[in-house]
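Student: Sharing a structure here in structure tokens format.
Rule-based calculations on the coordinates, nothing more; no lab input. Computed from a predicted model, the values in this text were never measured in an experiment. In this analysis, Cβ positions are derived from the backbone assuming ideal geometry, glycine residues included, and neighbour counts consider all displayed protein chains.
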Amino acid sequence: MAALLSPDDEHNQALERADHPADWVNPTPQPRYQLVVARA
């Protein structure tokens, strides 16, 4: 993967690993629900 931060040093690499974990899986969304928004 190309570096997203510049410079590509150890600190920015650690930040990128913490912010974008390689093993991240998006959670399964909850079923649909009814939502009402009231505006005063």
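Student: Of the options 7, 37, 24, report the single residue whose Cα projects farthest towards the positive end of the charge dipole of the chain (beta-carbon charges: Lys, Arg +1; Asp, Glu -1).
Tutor: 37
Student: By how many degrees, between 0 and 90 and to the nearest 10, does the Cα long axis of helix 10-19 differ from the longest principal axis of the chain?
Tutor: 20 degrees
Student: Please list the radius of gyration and Dmax for the chain, considering alpha-carbon atoms only, with Å as the unit.
Tutor: 18.6, 51
Student: Taking the Cβ-Cβ separation of residue 8 and residue 28 as r and a Förster radius of 25 Å, what is the calculated FRET efficiency to the nearest 0.05?
Tutor: Details: r = 34 Å, r/R0 = 1.37.
It comes out at approximately 0.15.
Student: What does the charge add up to near residue 5, with Lys and Arg as +1, Asp and Glu as -1, over the other residues with Cβ less than 10 Å from its Cβ? Intermediate values should be presented prior to the final figure.
Tutor: On the way: positive: none; negative: 8, 9, 16, 19.
Counting the neighbours of residue 5, the net charge comes to -4.
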